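Asks: Here it is, the structure in full.
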Amino acid sequence: MVLEVVHRTDDVSITDLNRGEIALLRLMEDEGRVTPSYAADQVELSSSYVHDSLNALQSKGLVERVSAGLYDIAGGEADDE
């Protein structure tokens, strides 16, 4: 759940996130690692908005960039695949 992701950090509350950021976190919970273009298609937002949102989530410590153009929930379990 998005709330579980937010509770992993002491500096962010659910009220600090906008609808797009919440949609991206939900997508990543369901799908695992995502690229900005894939995420944009899935949540029906522009690629530039998704890119900016992923960077904002990364700066909040909720998302990490695992390689060029690939993002995962910070501390996510996708490494076990």
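Asks: Consider E21 against the criteria (1) within 11 Å of the chain's Cα centre (by Cα); (2) modelled with pLDDT of 95 or more: it satisfies all of them except one. Which criterion is unmet?
Replies: Result: E21 fails condition (2) only.
Asks: Restricting attention to the stretch 34-48, which residues are farther than 17 Å from S59 by Cα and either assigned to a helix (DSSP H, G or I) or basic (K, R) (or both)?
Replies: Listed by number, the residues that qualify are S37, Y38, A39, A40, D41, Q42, V43, S47.
Asks: Follow-up. Quick one: in the stretch 49-66, of everything that is of a type in the set (G, A, S) and assigned to a helix (DSSP H, G or I), which residue is surrounded by the fewest Cβ atoms within 10 Å (Cβ to Cβ)?
Replies: Ranking the candidates gives S59 first.
The values are calculated or read from the model by the stated rules, or taken from the named source; none is laboratory data. Note that the coordinates shown come from a computational prediction; the quantities given were computed from them, not determined experimentally. In this analysis, Cβ positions are derived from the backbone assuming ideal geometry, glycine residues included, and neighbour counts consider all displayed protein chains.
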